Structures are given as C-alpha cells and as structure tokens.
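Q: One structure follows; several queries about it will come next.
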Amino acid sequence: MNEPKDDLRVPKAGKSDVALTLARAGISAIPYLGGTAVQLLSLVIVPPLERRRAEWMNAVANRLKQLETEVKGFRLESLQKNELFVTAVLHATTAALRTHQEEKLQALQNAVVNTARGIALQESVQLMFLNAVDDLTPVHLKVLEYFDDPKKWLADRKIQFPSGRSTPSIALEKAFPNLQRTTHASIVADLFSRGMVKIDWTVVHDLMSLDAVLSPRITFFGKEFLEYIAEWRPSAETGSVYATKEDEDGKTTVQFGDGAKGARPPTSDKNVTASFRKRKG
C-alpha cells in the first residue's frame, strides 16, 4: 500500500476553537461562575477536550480515507455537498467529546462511515440513532446485541444455561454476571421505550419456558440500529482489509487477505505502511 498523498491530520486548535470547546462543555454557561473560575476550569478541562477532539477527528479522517479505497467511485470531495453527512459528523463529534468509552466512540465512528457510504436508512432515523448512541451506555449496546440472538450469544461465549423453566432476568445474569437484577430491568426498559426490543421490564422476572427465555427479542428498529453502528466490511474478495493478533508477549501480527477473504496486498517494494497510536492502560 502506498502512502496517502492527502494529509488528513487535524490542525492545532486556536483561540476560537478553545472558546468553542468551552461552550460545548457548558463551562461558560455555569451560573455564578466568575471569569477567574472559568480560566481555572479551562486549564483543567480544555486540554483533555482538545485531545479528545484531535483523536476523534483523526480517527474519522482515517476511516473515511480508507473508505475511499474500499468503495468504488467514492470520493471524499463529494461529502462536502452531502448535508446529511455534515449533520451526522456534527452530532457524532459532539457525542464523542462527551465520552471516553471506547465502545461508544467506535459506534459513533461506524455511524459516520455508514452515513458517508450511503446506508439505506431515512435521515431522521440516522439522527435518532446518533442520539441513541449518545444517550445509552456500552452495556445497553451489548444487551441489545444479546437480545438479537440470546442462544448464539451464550454459545459464542461458552456460557452454560440450565434446562427447564427460567426467567429472562436469570439469562441476563448469566450473560452479564457483573450486572445487578435492578440494572437489567432498567436497561430493558430503556431499550423497550426506544422501540428496540420486544420485551418490557415488567416481564423480565416472569417464569417461562427455556425457548421463550432464549428467543430473540430485538425489533426491526433495533436491528437497523445495530446495523448503523456496526463496522462496515467491504466485499470478501476485493476488500482492502486486515486483521491483527497479539500474542502473550505483546507482539502484534498483521494478517492480510488471501484473495478469497480480503484482497491480497500489491507485490512491490514499500507496498505496506502503517501508523498506530499507543494508549496507556
């Protein structure tokens, strides 16, 4: 792979950008907060917000640049006239600045990419989904995935579930052992209120057959939401994809396609370049 010609790095923020960051964070709107206090908080809040902003914009830019190589006929320049895309980026960026949780950041990135590639969803639905990512927690997203196919979820994680009558709440405890029962009900209620699952919190403790307990509970709307925030993959034969694997010693191996599962990299000198970011923790 050749080095991209376009420099997609985000420029450093100026004074106006810092003011905008403060406004987004709501610092300037706190009642009875004097100028000195604002300056003090800006020293504490602005640096991490600017770091988040730079990391987010660079990540989105790299994903979009990759999309240009994966989708035939797709050009970044065309996004300038795509008002839905611009709106989606603004919504997603605001949400990204308000979270440190990697699962939500990935979901927001995936949403931006799916909007850019022209996913077949109504504009209003896409904006509703972006707001949902902002409002919900990573656990909500995982529980929704679980309700898409509880049997497969448990089987993929080699979780044994006893036969006989049981309750959806007990199944959720098996799938998410760190959650309390009261939390299960709250999460289910949130998803139900958004029309994403077909089970309400009032029945999560009801005794029922095992088939009923482990039956899919997701709605079509919920499936659309998962599709919108899922990472899009190009075609199996021609997609410029790769996978990474880390061994016990912390060494990372990059595996490229073989022509059947992903495209082979070009055979030439300096055909592969890499950039990465290392985080603490």
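Q: Might you check whether a residue that is touching a residue at least 24 places away in the same chain (Cβ under 8 Å), small (Gly, Ala, Ser) and surrounded by 16 or more Cβ atoms within 10 Å (Cβ to Cβ) occurs anywhere in region 176-188?
A: No: zero hits.
Q: Right, next: How many residues does region 67-105 hold that are over 19 Å from Pro48 (Cα atoms) and acidic (Asp, Glu)?
A: Qualifying residue count, region 67-105: 4.
Q: A further question follows. So Lys152 ticks every box in (1) under 28 Å from Glu70 (Cβ atoms); (2) in contact with a helix residue (DSSP H, G or I) (Cβ under 7 Å, 6 or more places away or on another chain); (3) outside the structural domain of Leu67 (by TED's automatic domain parsing); (4) surrounded by fewer than 17 Cβ atoms within 10 Å (Cβ to Cβ) but one. Which box is left unticked?
A: It fails just one condition, (2).
Q: Follow-up. Can you tell me how many residues within region 111-139 are polar (S, T, N, Q), closer than 30 Å to Lys72 by Cβ and either touching a residue at least 24 places away in the same chain (Cβ under 8 Å) or assigned to a helix (DSSP H, G or I) (or both)? Spell out the reasoning first.
A: Narrowing region 111-139 to residues polar (S, T, N, Q): 114-115, 122, 124, 126, 131, 137.
The next check asks that each one be closer than 30 Å to Lys72 by Cβ; those that pass are 114-115, 122, 124, 126.
Then drop every residue that is not either touching a residue at least 24 places away in the same chain (Cβ under 8 Å) or assigned to a helix (DSSP H, G or I) (or both), which leaves 114-115, 124, 126.
Final tally of qualifying residues: 4.
Q: Please specify each residue of region 68-97 satisfying the condition of being outside any helix (DSSP H, G or I) and either surrounded by 13 or more Cβ atoms within 10 Å (Cβ to Cβ) or assigned by TED's automatic domain parsing to the domain that holds Thr273 (or both). Step through it out loud before you land on a result.
A: Restricting attention to region 68-97, the residues satisfying the condition of being outside any helix (DSSP H, G or I) are 71-75, 82.
Answer for region 68-97, where residues must be outside any helix (DSSP H, G or I) and either surrounded by 13 or more Cβ atoms within 10 Å (Cβ to Cβ) or assigned by TED's automatic domain parsing to the domain that holds Thr273 (or both): Val71, Phe74, Asn82.
Q: Examine region 160-174 for a residue that is among the hydroxyl-bearing types (Ser, Thr, Tyr), touching a residue at least 40 places away in the same chain (Cβ under 8 Å) and surrounded by 16 or more Cβ atoms within 10 Å (Cβ to Cβ), and state whether such a residue exists.
A: Going residue by residue through region 160-174, those that are among the hydroxyl-bearing types (Ser, Thr, Tyr) are 163, 166-167, 169.
Filter once more, so that each one left must be touching a residue at least 40 places away in the same chain (Cβ under 8 Å): 163, 166-167.
Narrowing the set further to residues that are surrounded by 16 or more Cβ atoms within 10 Å (Cβ to Cβ) leaves 166-167.
Within region 160-174, one or more residues are among the hydroxyl-bearing types (Ser, Thr, Tyr), touching a residue at least 40 places away in the same chain (Cβ under 8 Å) and surrounded by 16 or more Cβ atoms within 10 Å (Cβ to Cβ).
Q: Could I ask something else about it? With in a helix (DSSP H, G or I) and not assigned by TED's automatic domain parsing to the domain that holds Glu50 as the only criterion, which of Lys142, Lys104, Lys65, Lys158 stands out? Steps first, please.
A: Details: Lys104 fails: not assigned by TED's automatic domain parsing to the domain that holds Glu50; Lys65 fails: not assigned by TED's automatic domain parsing to the domain that holds Glu50; Lys158 fails: in a helix (DSSP H, G or I).
After ruling out the rest, the residue left standing is Lys142.
Q: Another question, if that's okay. What about Leu191, is it part of a loop (DSSP other than H, G, I, E, B) and closer than 25 Å to Asp134 by Cα?
A: Details: part of a loop (DSSP other than H, G, I, E, B): no; closer than 25 Å to Asp134 by Cα: yes.
No; evaluated as a whole, the condition is false for this residue.
Q: When you go through Ser28, Ser78, Ser16 one by one, which is the residue that is modelled with pLDDT of 55 or more and farther than 21 Å from Lys104 by Cα? Please lay out each step first, then the result.
A: Working: Ser28 fails: modelled with pLDDT of 55 or more; Ser16 fails: modelled with pLDDT of 55 or more.
Within the list Ser28, Ser78, Ser16, the selection yields Ser78.
Q: Can I ask one more? Quick one: would you say Ala236 is part of a loop (DSSP other than H, G, I, E, B), at pLDDT below 85 and within 23 Å of Lys152 (Cβ to Cβ)?
A: On the way: part of a loop (DSSP other than H, G, I, E, B): yes; at pLDDT below 85: yes; within 23 Å of Lys152 (Cβ to Cβ): yes.
Considered against the rule, which asks whether it is part of a loop (DSSP other than H, G, I, E, B), at pLDDT below 85 and within 23 Å of Lys152 (Cβ to Cβ), Ala236 comes out as yes.
The values are calculated or read from the model by the stated rules, or taken from the named source; none is laboratory data. Please read all numbers here as calculations on a predicted model, not as lab measurements. Heads up, the Cβs are rebuilt from the backbone with ideal geometry, glycines too, and the neighbour counts pull from every protein chain shown.
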